[in-house]
Each structure stands twice: as C-alpha cells, then as structure tokens.
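Encoded as structure tokens, the structure appears first; notes follow it.
The values are calculated or read from the model by the stated rules, or taken from the named source; none is laboratory data. Note that the coordinates shown come from a computational prediction; the quantities given were computed from them, not determined experimentally. Positions of Cβ are generated from backbone atoms using ideal geometry, with glycine treated the same way; all protein chains shown enter the neighbour counts. SASA here: full protein model, heavy atoms, side chains in, ligands and nucleic acids out. Shrake-Rupley method; radii C 1.70, N 1.55, O 1.52, S 1.80 Å.
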Amino acid sequence: MRPDALLQDLNPSQVQAVTQTEGPTLVLAGAGSGKTRTVVHRVAYLLAQGVLPTEIFACTFTNKAAGEMRSRIERMIKGAAAELWISTFHSACVRILRLHAAPAGLKPGFVIYDENDQLEALREIGASLLSRVGAPSPRQLQAILDRAKCRLWGPAELDRNTDGEYIGGLPRQLVIEAYRRYEQQLSANNALDFGSLLTKVVELFQRHPEALESAQRRTVFIHVDEYQDTNHVQYVLANLLASRHRNLCAVGDPDQSIYAFRGADISNILSFQKDYPDAQVIRLEENYRSPGHVLQVANSLIAHNRGRLEKTLLSTKGPGPRVGLHRARNAKEEADFVAHQIERLFGRGIPLGDIAVLYRTNAQSRLLEESLRRSRLSATIVGGTGFYQRREIKDILCYLKLLVNPADSVSLLRVVNVPRRSIGATSLAKLLEWARAHETTAWEAITHAEEILTGRALGAVVAFRELLTGLLVQKEQEGATSCVRRVIEQSGYAHMLEQEGTFEARSRLENLEELTSAVAEWEAGSLGNIAEFLDQAALLSSADEPSPEGSVLLMTLHNAKGLEFPYVFIVGLEEGLLPHRNATDTGNPGALEEERRLLYVGITRAMERLVLTYAAERSLYGDAQETTPSRFLGEVDESALEHLTAYGEVIRSLESPPVAEKTLGQWKGGEKVVHDLWGEGLVVGVRGSGEHTTLTVLFYQDKVPRQLMLKYAPLRRI
C-alpha cells in the first residue's frame, strides 16, 4: 500500500501523528479520538516507507490489545505483521531474557511464577518468620514487594527508602527479611515473578551494554501505548531502549490515568517534554464517540485538575441531549430510578447490552442487581462477580449459616480457618475421621476436640469452638443486623482485611459494609429472623447467570476504561464515594485528581446519552447516613445538564427562556441565595454582567465554592 493511501480518511492531527516518525513524539490521544487507528496507521506508514518490520516495536498493556493491533496491521499490509514485534512489556522482557539468560544470571529454561506461585512462596516464608504469633498475610507481602519492584527497589533499597517501624502495615525487619528470602528462593529455583521480569532486564541492560545494543537493533522505532499507565520500571525500560535512536512515540492521555494503585506514575507522561526537550507534541482532540453536551461536562470537570497537559475534546456528532442529573432520596430509590429508566429504554427497543451502569465501588452493585431483577431485567457484572457470589460475602454467610445450623459441615469447613487460625489439614482430617466413625457432624467432632487432638492444634480448634459458641448465644439476644456486625468483627474477618491493606482488601471491606446494609434493609421491612434472610440471599445468589449480549452491563469505573456504550448511567456521585473517602481523608491532592480523572473516564464512555445520579441518604454498616453531593457536580458546566425527576422527566429544561431580568440584575457579592440542587449559599465572587454574569457561590451544606452562569443556574436571591 502506498504511504499517501494510508492517510486517507484521517483528520489533520491524526495525519501529523502518523507521519511524524523521526525523533521523540508525544501523542496526547483524548478519549474517543481514534487512538488505536492512529497507531496502527503509523506502523503501517513506517512499513510503507520501507522500514523493516524487524525494526519496529509496539508495546501494549494487554495481550488482547497486542493481538488486535497485529490483526489490523495484517489486514492493511499482508504478511507484514508476522515479523513485527508487538507485545506487552512482560512478554518483551521474557523474550529478551530467553536470549540473554546467562548474562542476566539465569539458567536456560528458567520458570515464571504466576500470582498463585508467588503467594504460596510468600505464605511459607511468612509462616517461617512468625510461626509463634501468626504469619503475615501473603497478599499483604505480595503488594509490598510488587510496589518495590515497580520502583526498582530490591530489599536494600526498600529498607533505605522507607521510614518508620512499619512498611505497608507490617514490621519493617519482617518485610525486609521476607523480601531477601523470597529473592533467594527465586534464584535457587531459577525462577522469576512478573515484577522480576522487568527489573531483571533493566539490570541486564545496565550491566551488559551489548545486550542493550542487541535489543536496540530490534527497536529502532518504538511505540508505547497507554503511556500514562506506565510505572517507573516500565518508564526506565522504554527510555533505555530508545536511548540510541530516540524514535520513541509515547501515546496516551494523562486525563485517563487511573491506576496509581497498581503503581502507574502519571509523571512519566507529564514529564515527557522534560525528558525529550525536542519532542513533537500532537493532540488528538476530535472525538468520534460522544455528543457535545457529554464532552462539555467532561471538559469542564477535568479542567479543574492541575496535573495535566492541556487539551479540549471536540465532538464530531453534534450537541446531542443534555446530560441528565437525578437526586434520589436514598440509595435504594437511586437504584430503582436507574432500573426504571433502563426499563423505558428497553421498551423503546434499545438492546440491554447497549446500556452500562458505572459505579465507584464493587459494593454498589448490590442494590442495582436487586432493582434490575425486580424489573425483570437481566444484568451482568463486568470484570467481577455478582454480589452474593463474592468470596467475602459467601464466607460471612457461611458463618451465619452455622449460627442457624451448626451441623452444616460444608459451611464449617469453608470458614474454620478463615481467617487463618493454624487449624491445619491434619487436624481437620482427624476431626472428620472421628465424625465419620461416630456417624455425626464435623461440629460435633469439634465439641469433642479434647478427645481427638492435643497441643497447639487442640488450642486452635477450642478457640474456634468458643468463638462460634459465643456467637450462637448472642444471636438469640439481638437482631439480624447486630448479629452480622458481630460476626464480621469477632470472627477476625474485618481485621484480616484491614491488616492486608491492599486495594482488593479495601474493596472487600466495602462489600461487607454493604452486606450489613442489605441485612438492615431486610430487617427493617420484615419480621423474620436471620435464617429467613439467608433463604433470600440463597435465592438471589442462585439466579440464572445472564448472557452479556442480552444484559445490562454493571461495572466499576476502573473496569469501564477503554470501553464505550450508547447509554451510560453513573451512580453514587457523593462525597466519600466519588471522590472516594480514601482520597479525601488523606488530603492528598494527587489522589483527589485521580478521582476526578476516574469520573472523567466514566463520562467519556457515553456514545449517545449520559445520566448522573446521587442519593441524599446512603447506608453504612446498616445505619442510614445523610450524604453530601460530590464536589465534582459543582465543577461541571451546568448549562450542559438537565435535572430529572424520579420518573425521568426534566425538572427544569435549560432550553427554557432565561430567568427574569430582575434576577439577573446587579450583583456585588455578599448576597444570600438558594439553589435547587445545592441549597443555600453566599455569593463570594462576581464576573461579567447581564446575560454573561458568572457568580462564585459558597454553599453552606458542603462549604464548596462553585462557579455558576447566572443565565442558566436555578438560583434565587433570599
């Protein structure tokens, strides 16, 4: 294919990104701007210009993305894709280490530890370090070590670069010693984990220049996709490979950097021009996905971030409908509102698979699942499992089942060692053997533990028996909600997750909060006991698994990255939820900016219609609490919004005539006002005049100043 033929149907910015092949290039690819298409055309353009396939390296973040890029290039230039190097960072490092195993300090045939292998090794090491007082969580150790490797820190560097007696919630010396032993085990087993694949290649390149030169001959032209999501070791690798020819094309969008919890470092893309002062910066701002009002909301929101590179998305689809905003009285009514709106869309012939509901935390899916089920609408959890199928929910439900029926051996065996209580497989085998011999249950065997076990094993089993016996007594004296709270706390389950301290553990804690709220809601509307709630939970968890094609798609905002849907609902826009309390409680402006980017990602998924919702009241551990609307709602351009009733009708169309001139009037600041959404406030700033008047109002309910265009804002003087 001729080079000029590859430029047809590309917009001017895309043409510039495709043809700028020499030297460092930063492509700021906004959401829906045709990023993948641009990168594919750029690789094809290089090939059409006579560049050898063996000189091109394209790095993607997933194997799926690499496969898609390869197939699209193959369709454009037959036979070219076979020799192209298109892979993830990890796959590229495996290839390099297979070629240079000896100088990297490895033997041929080295093995790669997957996550389970890594956890098992850390479990054994942790147990050997703290055998008398209980081993640290292997997941907690894994998270600490993975973060260290992202920063290129070995045990010595981790010790040198961290302060205090604890690292990640664990004693410093324990962590450092565990790290040393783990690295020794990897070396002894001729093994690498995923983090070591990258760090080992960096070490190889730094110690053996000939290995780096060999790789550079294969990476004359480098493309790194999703550059905003690279961590430090990936950043170092990319720059080492590019250091000879300097043809590094970094493609990404700092406004969509949402993976700091995985080690992603937004400064990598923000500092690209400092690393390469001669870099060409190309902005892809034409958006082919979303209508104008959706982008108006997105642009006005993200403009409040300081850690970004300026760009403004422009729609190619016209203004489209305004973005809907609904305030529900409580979280249940919020879920019912979403279900009702989806029911109306489905009645108009919109396929359920065209509709996505996005939320900040996994726990929020529970009410949505139940409301959609009541409306007879099929739903699929994308990137996760249904609420009642989640591990922590099933664990606590098993505890509750034992309080109803201690003879339930299946539930007992699931939780007898969760959290870990040093009740080993040998002890359990002896208990079960006794139960079979006496034709009775595992619980009955535990009540006779003194006849079966001795030593530490006996002590651990007796402690579990006393826990369950105490819970059984308390169950008869309190309601269902209190019972659930007590199980979560006294079993040690909450403490286990708090100690783990990982992103996944925090999400699981939120699910347990939501389980308590589910029981509280059920208890408030029923005279039944905990046994009847378990019956309901069993029915909910055993519902037929829907097919994604005919289902509403439910997912977290993180899981929505890279996807698009005609109809999008984003729920739970409240302080403490979005932005999440983990970001607001720390006072870290970087964490707050990431929360804003997360909402921005969600907004820019919408292809036709976007609706935002929040609740005035939400339950936390079963207690109803008033909420504060998200500060982010006060940052978006209100002229792009329309407020919706519980039935989806527009409360006040922003296309209606402007408010009376007496309301526009003269403003000096200091006036007291009331807003339909934000309540009462004080005017603290005035800009412009007449129809162009913009007021800065400090609202009393959340102490957040908001800029409002007076012509459109539902604002009245008091």
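For the structure I just gave you, tell me whether residue 126 is more than 25 Å from the chain's Cα centre (by Cα), part of a loop (DSSP other than H, G, I, E, B) and of a type outside the set (D, E, K, R).
So residue 126 fails the test.
Of everything in the range 37-55 that's charged (D, E, K, R) and closer than 18 Å to residue 248 by Cβ, which residue is surrounded by the most Cβ atoms within 10 Å (Cβ to Cβ)?
Of the range 37-55, the ones charged (D, E, K, R) are 37, 42, 55.
Right, trim to closer than 18 Å to residue 248 by Cβ and you get 42, 55.
Values: 42: 24, 55: 19.
Among those that are charged (D, E, K, R) and closer than 18 Å to residue 248 by Cβ, it is 42.
Do the conditions hold for residue 576, that is, is it open to solvent by less than 40 Å² (accessible area, probe 1.4 Å), modelled with pLDDT of 95 or more and closer than 30 Å to residue 494 by Cβ? Even if it seems obvious, please write down each step before you answer.
On the way: open to solvent by less than 40 Å² (accessible area, probe 1.4 Å): yes; modelled with pLDDT of 95 or more: no; closer than 30 Å to residue 494 by Cβ: yes.
So residue 576 fails the test.
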Contact list, first residue from the range 607-619 and closer than 22 Å to residue 519 by Cβ, second anywhere and at pLDDT 95 or above and in a strand (DSSP E or B), beta-carbon distance below 6 Å, six or more apart or interchain, is none
Residue 388 meets each of (1) under 23 Å from residue 558 (Cβ atoms); (2) assigned to a helix (DSSP H, G or I); (3) at pLDDT 90 or above; (4) not charged (D, E, K, R) with one exception, condition (3)
Taking the range 113-138 and keeping only residues that are closer than 18 Å to residue 182 by Cβ and open to solvent by 60 Å² or more (accessible area, probe 1.4 Å), one is left with 114, 115, 116, 117, 120, 123, 124, 128, 131
Of the residues in the range 624-662 that are in contact with a Ser or Thr (Cβ under 8 Å, 6 or more places away or on another chain) and at pLDDT below 80, the one that is surrounded by the most Cβ atoms within 10 Å (Cβ to Cβ) is 654
Restricting the range 444-457 to residues that are touching a helix residue (DSSP H, G or I) at 6+ places or on another chain (Cβ under 6 Å) and modelled with pLDDT of 85 or more, the one most open to solvent (accessible area, probe 1.4 Å) turns out to be 452
Note on the range 151-206: residues closer than 26 Å to residue 89 by Cβ and part of a loop (DSSP other than H, G, I, E, B) are 151, 152, 153, 154, 162, 168, 189, 190, 193
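In the range 469-486, what residues are part of a helix (DSSP H, G or I) and closer than 12 Å to residue 404 by Cβ?
If the condition is that a residue be part of a helix (DSSP H, G or I) and closer than 12 Å to residue 404 by Cβ, then 471, 472, 475, 480, 483 are the ones that fit.
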Here the residues within the range 218-244 that are without any contact (Cβ under 8 Å) to a residue 40 or more places away in the chain and of a type in the set (D, E, K, R) are 244
Next item on the list: For the range 165-178, state whether one or more residues are of a type in the set (Ser, Thr, Tyr), under 28 Å from the mean Cα position of the chain (by Cα) and modelled with pLDDT of 90 or more.
Entry: no
Taking the range 423-440 and keeping only residues that are polar (S, T, N, Q) and surrounded by fewer than 17 Cβ atoms within 10 Å (Cβ to Cβ), one is left with 426, 440
Residue 384: passes all of (1) in contact (Cβ under 8 Å) with a residue 60 or more places away in the chain; (2) buried (at least 17 other Cβ atoms within 10 Å of the Cβ) but (2)
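Which residues, taken from the range 313-336, are polar (S, T, N, Q) and open to solvent by 60 Å² or more (accessible area, probe 1.4 Å)? Show your work before the answer.
First, the residues of the range 313-336 that are polar (S, T, N, Q): 315-316, 330.
Answer for the range 313-336, where residues must be polar (S, T, N, Q) and open to solvent by 60 Å² or more (accessible area, probe 1.4 Å): just 316.
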Reported set for the range 396-411 where residues are open to solvent by 10 Å² or more (accessible area, probe 1.4 Å) and touching a residue at least 60 places away in the same chain (Cβ under 8 Å) is 397, 401, 404, 406
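So that you can scan it fast, the table gives a plain yes or no per residue for (1) open to solvent by 20 Å² or more (accessible area, probe 1.4 Å); (2) in contact with a His (Cβ under 9 Å, 6 or more places away or on another chain); (3) part of a loop (DSSP other than H, G, I, E, B); (4) not polar (S, T, N, Q):
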| site | (1), (2), (3), (4) |
| --- | --- |
| 57 | no, yes, no, yes |
| 65 | yes, no, no, yes |
| 68 | yes, no, no, yes |
| 94 | yes, no, no, yes |
| 97 | no, no, no, yes |
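Are any residues in the range 337-349 touching a residue at least 40 places away in the same chain (Cβ under 8 Å) and open to solvent by less than 30 Å² (accessible area, probe 1.4 Å), and if so, which ones? Break it down into steps so the answer makes sense when it comes.
From the range 337-349, those touching a residue at least 40 places away in the same chain (Cβ under 8 Å) are 337-338, 340-342, 344-345; that's our starting set.
Listed by number, the residues that qualify are 337, 338, 341, 342, 345.
So, in the range 537-559, of the ones that are part of a helix (DSSP H, G or I) and crowded, with 16+ Cβ neighbours inside 10 Å, which residue ends up modelled with the lowest pLDDT? Write out each step before concluding.
Keep residues of the range 537-559 that are part of a helix (DSSP H, G or I), which gives 537-541, 548-550, 557-559.
Among the residues that remain, those that are also crowded, with 16+ Cβ neighbours inside 10 Å are: 537, 540-541, 557-559.
Numbers: 537: 77, 540: 67, 541: 62, 557: 96, 558: 94, 559: 92.
Out of the qualifying residues, it is 541.
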Scanning the range 230-242 for residues that are open to solvent by less than 20 Å² (accessible area, probe 1.4 Å) and part of a helix (DSSP H, G or I) gives 233, 234, 237, 238, 241, 242
Counted residues in the range 5-34 being touching a helix residue (DSSP H, G or I) at 6+ places or on another chain (Cβ under 9 Å) and part of a helix (DSSP H, G or I) come to 9
Restricting the range 359-371 to residues that are polar (S, T, N, Q) and buried (at least 24 other Cβ atoms within 10 Å of the Cβ), the one nearest to residue 550 (Cα to Cα) turns out to be 365
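Are any of the residues in the range 215-225 under 27 Å from the mean Cα position of the chain (by Cα), closer than 30 Å to residue 21 by Cβ, of a type in the set (A, V, I, L, M, F, W, C) and buried (at least 18 other Cβ atoms within 10 Å of the Cβ)? It would help to see each step written out before you state the result.
Let us first name the residues in the range 215-225 that are under 27 Å from the mean Cα position of the chain (by Cα), namely 223-225.
Subsequent filtering for residues that are closer than 30 Å to residue 21 by Cβ retains 223-225.
When the remaining residues are screened for being of a type in the set (A, V, I, L, M, F, W, C), the result is 224.
Among the residues that remain, those that are also buried (at least 18 other Cβ atoms within 10 Å of the Cβ) are: 224.
Looking through the range 215-225, at least one residue is under 27 Å from the mean Cα position of the chain (by Cα), closer than 30 Å to residue 21 by Cβ, of a type in the set (A, V, I, L, M, F, W, C) and buried (at least 18 other Cβ atoms within 10 Å of the Cβ).
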Looking across the range 73-91 at residues that are open to solvent by 60 Å² or more (accessible area, probe 1.4 Å) and either part of a helix (DSSP H, G or I) or touching a strand residue (DSSP E or B) at 6+ places or on another chain (Cβ under 7 Å) (or both), the single one that is modelled with the lowest pLDDT is 82
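Quick check on residue 192: is it under 23 Å from residue 113 (Cα atoms) and either touching a residue at least 60 places away in the same chain (Cβ under 8 Å) or open to solvent by 70 Å² or more (accessible area, probe 1.4 Å) (or both)? Spell out how you get there, then give the answer.
On the way: under 23 Å from residue 113 (Cα atoms): yes; either touching a residue at least 60 places away in the same chain (Cβ under 8 Å) or open to solvent by 70 Å² or more (accessible area, probe 1.4 Å) (or both): yes.
When the stated conditions are applied, residue 192 passes them.
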Discussion item. So, residue 277, is that one more than 23 Å from residue 251 (Cβ to Cβ) and either open to solvent by 40 Å² or more (accessible area, probe 1.4 Å) or touching a residue at least 12 places away in the same chain (Cβ under 8 Å) (or both) or not?
Written reply: no
Exactly one of 374, 414 is more than 22 Å from residue 483 (Cα to Cα), open to solvent by 20 Å² or more (accessible area, probe 1.4 Å) and free of Cβ contacts under 8 Å to residues at least 60 places away in the same chain, and that one is 374
All-but-one check, residue 113 against (1) in contact with a Leu (Cβ under 9 Å, 6 or more places away or on another chain); (2) at pLDDT 90 or above, failing number (2)
